[in-house]
Amino acid sequence: MSWDFETDPEFQQQLDWADEFVREEVEPLDHAWPDLQFTPPDATLRRVLDPLKDEVRKHRLWATHLDPELGGQGYGQLKLSLLNEILGRSEWAPIVFGCQAPDTGNAEIIAHYGTEAQKRRYLRPLLNGEVFSSYSMTEPEGGSDPTAFRTRAERDGDGWVINGWKYFSSNAKTAEFLIVMAVTNPDVSAYQGMSMFLVPMDTPGVRIERNIGLAYEPLGDGMHPLIRYENARVPAEALLGGEGQAFAIAQTRLGGGRIHHAMRTIGTAKKALDMMCERALSRRTQGSLLAEKQFVQGYIADSYAQLTQFRLFVLYTAWTIDKHKDYRKVRKDIAAVKILMPGVLHDIVQRSLQVHGALGTTNEMPFAKMMLGAAVMGLVDGPTEVHKVTVARQLLRDHRPSDDLWPTEHLPKRIAAAREKFAEFLEHEVGNQ
């Protein structure tokens, strides 16, 4: 197997175009229309967004997370990673390029498990950027532990009736439909007893109790609602995949979601590093530039090394996914990337904030939002602690206990074995002496 750390020239040209396009045309949207990415655009904003999306399509970079038969480009995860590094600099960029979370993961599972009718109704508008969706899985008590979920879907005639509570259903406030994970058979393991349903947001019995925001947003406002399902009736054809298949479907979705978050995090962390370097070269104190202070040089060097290691690991994991075409076979590395992601982003943003001094703590700089983003990355799609357990268990499966009292690398045992292996030579040496 050959090793190659270069991007093929044709795709590199597309990346170069995307880099300039995001910088000049997309990043300004973050400041002109902040926090409106998942709000259906009015006529004015559509006049801005539609031409940008057309440019992305023209350059064959729209919905690159999906294969051609599903409406994407079929570039694979490695190329998607290289593109997402650029998109991670801007909150609007994933929308403009048709690969925003949670819609990417939702589109992927509908594409893989949906019927043709479900694809026509839900997938096509999603891929065309016409609607938004929400993944309604987490519960107030169960968190991300599916074995503790209580939301039920029960058969009733030719349909299903859903009752329960869901928490942190991101973008449900503006979503056209929800993908709801519910217990359909409480008498078996949660891993075989849950199913997924495609539920239109206007279904009677689906009620947003309150919109929950992140820490910097006003109380009572936000994009992560608490939802109550009270006798919400859906037809039989709302079932996504087979009955009892929710956990398997979720793993398909979450595996992709985790690595895609990591790809975009590279771009966010790189932006923080760039800001740190600019500030170090611009600000003078104590008679010299910050860039000449050894502490600041240490911040820059540590950040570069940390980011580069993380980036290479993400690229390797993306390459492995492309190779196996199966997230489950790359589960260990995806979990390890997820473990590293919040720490890398936190550390680099913290250093950059520090170099900016008092200005870095104000609402005139983006560091507070970026720092909270690092905390969010430690929780979305499963908390860091759960992924550490996953990595440890996967690694331990490849190892065996010592077959006697002493460890395999116990030096007296190794020396005795080596002397036995080379006894005739060692005796010959002694004899010659």
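The values are calculated or read from the model by the stated rules, or taken from the named source; none is laboratory data. Not measured: the values here are computed from a predicted model. Using ideal geometry, Cβ is built from the backbone for each residue, glycine included, and neighbour counts are taken over all protein chains shown. Protein only, heavy atoms only, side chains kept; ligands, DNA and RNA dropped before computing areas. Shrake-Rupley method; radii C 1.70, N 1.55, O 1.52, S 1.80 Å.
Derived scalar couplings between HN and Hα for region 196-201 equal 10, 9, 8, 10, x, 5 Hz in order, rounded to whole Hz, by the Karplus curve 6.51 cos²θ - 1.76 cosθ + 1.60 (θ = phi - 60°), x for Gly and Pro. Computed over protein heavy atoms with a 1.4 Å probe, the carbon and sulfur contribution to the accessible area of the chain reaches 53%. 3J(HN,Hα) couplings calculated from phi for region 143-148 with the Karplus curve 6.51 cos²θ - 1.76 cosθ + 1.60 (θ = phi - 60°) are, in sequence order, x, 9, 8, x, 6, 9 Hz; Gly and Pro show x. Centre-to-centre, using Cα atoms only, region 68-88 and region 213-252 are separated by 26 Å. Summing +1 for each Lys or Arg and -1 for each Asp or Glu among the other residues whose beta-carbon sits under 12 angstrom from that of PHE132 gives -2. For region 165-202, the residues whose amide N sits under 19 Å from a probe point set 7 Å from the Cα of THR147 along the beta carbon direction are 182-195. Surface calculation, 1.4 Å probe, protein heavy atoms: ARG253 sits at approximately 10 Å² accessible.
From a point 7 Å beyond the Cα of LEU281 in the direction of its Cβ, which residues of region 1-42 have a backbone N at a distance under 20 Å? Counting backbone N atoms under 20 Å from the label point, the list is 19-20, 23-24. Apply 1/(1 + (r/R0)^6) to the Cβ-Cβ distance of ALA305 and ASP158, taking R0 = 56 Å, and write down the FRET efficiency to the nearest 0.05. That gives a FRET efficiency of 0.40. Proximity of backbone amide H atoms, modeled 1.01 Å from N, is registered between LEU240 and MET196, PHE197, LEU198 at under 5 Å, excluding neighbours fewer than 5 places apart on the same chain.
Considering only GluC sites (Glu not before Pro) in DSSP loops that have at most 15 other Cβ atoms within 10 Å, the longest stretch of the chain without any of them is 142-363. Once the Cα-Cα distance is subtracted from the 0.36 nm per residue extended length, the LEU359 to GLU6 segment shows a gain of 123.2 nm.
Using the Cβ of TYR216 as centre and a radius below 13 Å, the other residues enclosed give a net charge of -2, where K and R count +1 and D and E count -1.
Backbone geometry of region 160-170 corresponds, through the Karplus equation with coefficients 6.51, -1.76 and 1.60 at θ = phi - 60°, to 3J(HN,Hα) couplings of 10, 10, 9, 9, x, 10, 10, 10, 6, 7, 4 Hz, x marking Gly and Pro. Look at the alpha carbon pairs under 8 Å that are at least 6 residues apart: their mean separation over the length of region 11-123 gives a relative contact order of 28 percent.
Take the chain with all the other protein chains still there, run a 1.4 Å probe, and you get 53 Å² of accessible area per residue. From helices alone, the chain scores -15500 deg cm²/dmol at 222 nm; the rule is -39500 (n - 2.57) for each run of n ≥ 4 DSSP H residues, then divide by the residue total. For ALA232, nonlocal amide neighbours, meaning residues 5 or more places apart or on other chains whose placed amide H falls under 5 Å from its own, are ILE162. Take every pair of alpha-carbon atoms less than 8 Å apart whose residues are at least six positions apart; their mean separation over the length of the chain yields a relative contact order of 12 percent. In this structure, the amide hydrogen of MET201, modeled 1.01 Å from its nitrogen in the peptide plane, lies closer than 5 angstrom to those of PHE177, LEU178, counting only residues at least 5 positions away or on a different chain. Each Lys or Arg adds one and each Asp or Glu subtracts one; over the other residues with Cβ under 13 Å from the Cβ of PHE149, this totals 0.
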